[in-house]
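Inspection log for the structure reproduced underneath, given as structure tokens.
The values are calculated or read from the model by the stated rules, or taken from the named source; none is laboratory data. Since the model is a prediction, treat every value here as computed from it, not as a measurement. Here Cβ is always computed from backbone atoms with ideal geometry, including for glycine, and neighbour counts include all displayed protein chains. Accessible surface areas use protein heavy atoms only, side chains included; no ligands, DNA or RNA. Shrake-Rupley method; radii C 1.70, N 1.55, O 1.52, S 1.80 Å.
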Amino acid sequence: MKKFFLVAGVMFISWSSFAQKMISRDTYVHFYSATPVEDIEASLKDGIGLLNTVNNQFVFQLNIASFTFEKALMQEHFNENYMESSKYPKGIFKGTLAGNVDYNKAGRYSVTMKGQMTIHGRDREMAVPATVNVTREGLVEIESTFIVKPSDHDIVIPSLVANKIAKEIEVKVKSTLRAM
Amino acid sequence: MQCKWLMAIAMASAYSLYSFAQQDLLAELDAIAPPPAKTYVFATFKGTRIINQQSVELPASGVGQFVIGHRFGALNDQPLYNLFGLDVAQIRFEYSYSPKKWLNVGAGRSSGSKTYDGFAKVRFTRQSSGSGFNWPVTTAYYTNATIVTTPFSDGFDHYFTDRMAYSHQLLVARKFNESFSFQMAPTLVHFNLVQTATDKNDRWGIAFGGRYKLTQRMALTGEYMMRADPGAWENDPYSNALSIGVDIETGGHVFQFHLTNARSMADPQWMMQTPGQWGKGDVFLGFNITRVFTHVAPEL
């Protein structure tokens, strides 16, 4: 009996230390479309991220309407005509982080984030390279730059403006997560 | 024996809790950081004018807008000879700027009666949805002061202020869905000078306007200016302004094509002094082009 309680007790203690979740409420996301005719860029700073450091599962969610452009009319067109953000208000990337990250040891780790990217209501499996920086204070900073194609997510670009919007959009994400 | 079973159960339950499902993480994210409290409706109309009348839209903060309006001559006045009124076209241009996202000020000139005008639009509610109190409509106050600069032809002496007329509108609009928006505007127009002593200087009315989006970038528009108290003037040969049009939006421009019985594009004139009658074919073809310029860009 004593042995049982000892084992169960150890399991309970180690179980409670399993759940280490980290959160970011101010993830920065920036995208850039470069064409010979026009460059378009926008960014937001209120993306939300959750990371489970035990099983390396993550989910990042953004509010499409939070993207700020230099030109207000461009922002309106982005939301109304291209992203249809009243129908699809969120962009989500959820998956698993693959790589040997030791969350207890400060350092930079190269990882691959594999999962499902949902934009404009359409999913796409993606594997993006990322850098995880574990700081001495215990914060986890994730940085990643990757390509998103509007055509993968059924974003319709009329032929009239086809030469103004790149077929591959460069997206940059910077997220600082802290223990919940 | 018992110990082993209990250990196995304990390990199994610990393991199932250990492997958090993806869906749980997403649901947990929604619970911790709920979606934004309020979403404001945007783009109730594609531009700051429906056809003749103003809409509740303003250019964004730091943005200026240039509008050129053309109003051709009557379609029933020798249409082929005058090329559908092109040869007797009137033109209006205006420039406005929004120092704040709820305030727009500008000035313009219409060639009809060589009218100069200054105007301001103040938006004070925004239609929204989400948590908290939500206004069901977007409302704005619009005011315009005009000066007619053509010489008087009645032989009397006139004050300068006789040339002036003012309009005030309370614009109330609702975006019902992605395709359909509707606006109502109680309107007051004040003419400093009227024809006879018994004529009223103040004319009231309600303006109705709506748009129906046919495609992402094209919409059908319509408006009607219903004047109250048609007996206010002894000599009133005018009709209510009725217009129908199409908006086409491209990258930086909005093109508006329309048919209307209003001859002038200056507010007091088209609101209360519209000469054309649809029944007789007094219809004028017109088009507006708007272009926005960003003067102060938001920080990225």
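Can you tell me which residue among B:VAL194, B:VAL105 is touching a Phe, Trp or Tyr at 6+ places or on another chain (Cβ under 9 Å) and closer than 26 Å to B:GLY245 by Cβ?
On the way: B:VAL194 fails: closer than 26 Å to B:GLY245 by Cβ.
Within the list B:VAL194, B:VAL105, the selection yields B:VAL105.
Filtering B:SER153, B:SER167, B:SER179, B:SER243 for residues that are surrounded by fewer than 18 Cβ atoms within 10 Å (Cβ to Cβ) and either out of contact with any Lys or Arg (no Cβ under 9 Å at 6 or more places or on another chain) or β-branched (Val, Ile, Thr) (or both) leaves a single hit, B:SER153.
Looking for whichever is over 26 Å from B:PHE84 (Cα atoms), of a type in the set (A, V, I, L, M, F, W, C) and crowded, with 16+ Cβ neighbours inside 10 Å here; the options are B:ALA266, B:ALA207. Which one fits? It would help to see each step written out before you state the result.
Values: B:ALA266 fails: over 26 Å from B:PHE84 (Cα atoms).
Result of the check over B:ALA266, B:ALA207: B:ALA207.
Residues of region A:66-82 that are over 17 Å from A:HIS153 (Cα atoms), facing another protein chain (nearest Cβ under 7 Å) and not polar (S, T, N, Q): A:GLU70, A:LYS71, A:ALA72, A:LEU73, A:GLU76.
What about A:GLU137, is it farther than 28 Å from A:VAL37 by Cβ, without any contact (Cβ under 8 Å) to a residue 12 or more places away in the chain and within 14 Å of chain B (Cβ to nearest Cβ)? Here the answer is no, as A:GLU137 does not meet what is asked. Within region A:63-86, does at least one residue satisfy the condition of being more than 26 Å from B:SER61 (Cβ to Cβ) and in contact with a strand residue (DSSP E or B) (Cβ under 7 Å, 6 or more places away or on another chain)? No, region A:63-86 contains no residue that is more than 26 Å from B:SER61 (Cβ to Cβ) and in contact with a strand residue (DSSP E or B) (Cβ under 7 Å, 6 or more places away or on another chain).
Within region B:70-93, none of the residues are closer than 20 Å to B:HIS168 by Cα, assigned to a loop (DSSP other than H, G, I, E, B) and either open to solvent by 40 Å² or more (accessible area, probe 1.4 Å) or of a type in the set (A, V, I, L, M) (or both).
Considered as a group, the residues in region B:269-287 that are within 18 Å of B:THR146 (Cβ to Cβ) and either out of contact with any helix residue (DSSP H, G or I) (no Cβ under 8 Å at 6 or more places or on another chain) or of a type in the set (Ser, Thr, Tyr) (or both) include one that is surrounded by the most Cβ atoms within 10 Å (Cβ to Cβ), and that residue is B:MET271.
A quick yes/no check of all residues on (1) at pLDDT 90 or above; (2) open to solvent by less than 70 Å² (accessible area, probe 1.4 Å); (3) in contact with a helix residue (DSSP H, G or I) (Cβ under 6 Å, 6 or more places away or on another chain):
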| position | (1), (2), (3) |
| --- | --- |
| A:PHE4 | no, yes, yes |
| A:ALA8 | no, yes, yes |
| A:SER14 | no, yes, no |
| A:ALA42 | yes, yes, no |
| A:PHE58 | yes, yes, no |
| A:ILE64 | yes, yes, no |
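Residues in region A:83-93 that are open to solvent by 40 Å² or more (accessible area, probe 1.4 Å) and either modelled with pLDDT of 95 or more or in contact with a helix residue (DSSP H, G or I) (Cβ under 8 Å, 6 or more places away or on another chain) (or both) were compared, and the one that is farthest from the other protein chains (Cβ to nearest Cβ) is A:TYR88.
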